[in-house]
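Quick notes on the structure that follows.
The values are calculated or read from the model by the stated rules, or taken from the named source; none is laboratory data. Keep in mind it's a predicted model, so treat the numbers as computed, not measured. Glycine gets a Cβ as well: all are built from the backbone with ideal geometry, and neighbour counts include every protein chain shown. Keep in mind that these areas ignore ligands, DNA and RNA; they rest on the heavy atoms of the full protein, side chains included. Shrake-Rupley method; radii C 1.70, N 1.55, O 1.52, S 1.80 Å.
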Amino acid sequence: MNGALKYGLLFIGLLLLQVLILNNILFLGFINPYLYIYFILILPSSVNKDITLLLGFCLGLMVDIFCGSIGCHAFATTLLAYLKPHFQKVFGPREDYETVTPSFRTFGMKEFLQYTIILVFIHQLAYFFAEAFTFTGFFQTLLKAICCAIFTILFIYIIEKLKYKR
Amino acid sequence: MRSLIRFLLKYKTLFFFLFLEILSLVMIVNYNQFQRVHFLSSSNIVVGSLYNLTSKVSNYLSLSSVNQALVEENAELKFQNEKLNFQLDRMRYDTSYVKRNDFAEDKHFIFRTARVVHSFTNMKNNYLTIDKGECDGIQKGMGVINEKGVVGIVCDVSCHFSVVIPILNSRARINAKIAGKSNVGTVLWTGHDVRYAKLKEVPQYIPVELGDTVKSSANTAVFPEDVMIGTITEIERLNNDFYLIDVKLSVDFSNIKYVDVIEFRHKDELEQLERKEDSK
């Protein structure tokens, strides 16, 4: 119960942080970190796959409602939530797979970063192509996705660093 | 039958995943329908009031630039006042002048000032949320301007908030004309640069020059005539006898705090009359 409460607060906290502050950064006019997906990335593997999917969809839809981009974030985040357990199997530790919570400590820094980079890139590509809903201006959309992905990964890296600084 | 159920259970996560993805895609494709669903747009009360709160804080921080804009608008108004005084003086001597410049025309429009509680400029389909709604007399389809020029059109209203489709939305189409010419074209946005839009459907037999101003046309009774939209920065001649014109927008969408919503008082009357004429 304690764990559920903690993740519930994290869900709301990251959502508000995203829509009220991070969405207004607009570095160079269009680059925002999409930090809210950090919630999906660090869900423990003990969480049922269907529940992970549902959480991903709800989180995306909430961000969509605030951004007015109905469906785009939901699409990308559902994809992320579906792929997450598979990549966790690849990059996570071999032993006690059933209970691991992704982080620098449990995965190891290199593996966690690889895991983050791949998933964030997939999410950003899915989001920006869902938003554009066309392949015209392909490179412009690609550039946007790459810039935002780098920014997002940077934010996740800093947060993970701070977590173990103490 | 049993093996079918076993099959479905084995891949239930995959099916659930596909179901959610298809649901999202349906929402993206039917964007316009879902925009009308209040609880999915930012005119819903929770999202609206949350944005309202944060904009109050950020408004306080940007008081100096708002002040600057007010000073500029003040100067503009003083200038107009001078001009009108001059016209008024002239009318005292020239009694036919009143007939030529229909004096009562301005009363067709009602202006309501609203505060922008949230705005997006980084997406392909941007929009603004403002803090006046149906209860304040705002309705779908009304035009929105600020002191610099045309902002957009109201697309959704709740009691206390409205959502505005600005020019910076790939779904926005705004009737426009080049100052001094009567032909009407359409201003639309291609989704890349927030400072520029395109003007289409202006035929090539009209002479157009760089630096000409693009203004709103009164054709659709959404905006008053001659509200500034922008200036021409590039002209391209297409094969189909029309121009493709780049317009630098006069409104700075990245920094927009207050807008005026325009109500055209006799819109229904006008539409009814035109419909009657069409059906004849």
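Could you please let me know if A:P44 is under 13 Å from the mean Cα position of the chain (by Cα) and more than 12 Å from chain B (Cβ to nearest Cβ)? No: the conditions fail for A:P44.
A quick yes/no check of all residues on (1) charged (D, E, K, R); (2) free of Cβ contacts under 8 Å to residues at least 12 places away in the same chain; (3) assigned to a loop (DSSP other than H, G, I, E, B):
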position	(1), (2), (3)
B:K140	yes, no, yes
B:K148	yes, no, yes
B:V154	no, no, no
B:I235	no, no, no
B:N240	no, yes, yes
B:I245	no, no, no
B:S254	no, no, yes
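Going residue by residue through the stretch A:86-93, is there one that turns out to be within 12 Å of chain B (Cβ to nearest Cβ) and farther than 17 Å from A:F155 by Cβ? Within the stretch A:86-93, one or more residues are within 12 Å of chain B (Cβ to nearest Cβ) and farther than 17 Å from A:F155 by Cβ.
Flag not set for A:T141, criterion: more than 14 Å from chain B (Cβ to nearest Cβ) and among the polar types (S, T, N, Q).
Just one of (1) touching a Phe, Trp or Tyr at 6+ places or on another chain (Cβ under 9 Å); (2) open to solvent by 10 Å² or more (accessible area, probe 1.4 Å) fails for A:N48. It is (1). When restricted to residues that are over 40 Å from the mean Cα position of the chain (by Cα), open to solvent by 100 Å² or more (accessible area, probe 1.4 Å) and hydrophobic (A, V, I, L, M, F, W, C), the stretch B:8-22 contains 1.
Per-residue answers, yes or no, for (1) open to solvent by 50 Å² or more (accessible area, probe 1.4 Å); (2) more than 12 Å from every other protein chain (Cβ to nearest Cβ); (3) more than 27 Å from B:L244 (Cα to Cα):
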site: B:V116; (1), (2), (3): no, yes, yes
site: B:F120; (1), (2), (3): no, no, no
site: B:F161; (1), (2), (3): no, yes, yes
site: B:S182; (1), (2), (3): yes, yes, no
site: B:L188; (1), (2), (3): no, yes, no
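Do you know which of the residues in the stretch B:23-33 that are more than 7 Å from every other protein chain (Cβ to nearest Cβ) and in a helix (DSSP H, G or I) is nearest to the chain's Cα centre (by Cα)? The qualifying residue nearest to the chain's Cα centre (by Cα) is B:N32. When we screen B:S217, B:S279 for residues that are more than 25 Å from B:D131 (Cβ to Cβ), polar (S, T, N, Q) and crowded, with 18+ Cβ neighbours inside 10 Å, the only hit is B:S217.
Taking the conditions exactly as written (open to solvent by less than 40 Å² (accessible area, probe 1.4 Å) and among the aromatic types (F, W, Y)), does A:Y164 satisfy them or not? It is false that A:Y164 is open to solvent by less than 40 Å² (accessible area, probe 1.4 Å) and among the aromatic types (F, W, Y). Restricting attention to the stretch A:1-41 and to residues that are at the interface with another protein chain (Cβ under 9 Å from one of its Cβ atoms) and open to solvent by less than 20 Å² (accessible area, probe 1.4 Å), the residue that is farthest from B:Y51 (Cα to Cα) turns out to be A:I31.
On the stretch given as the stretch A:10-66, residues that are under 26 Å from B:L14 (Cα atoms) and either in a loop (DSSP other than H, G, I, E, B) or among the β-branched types (V, I, T) (or both) total 14.
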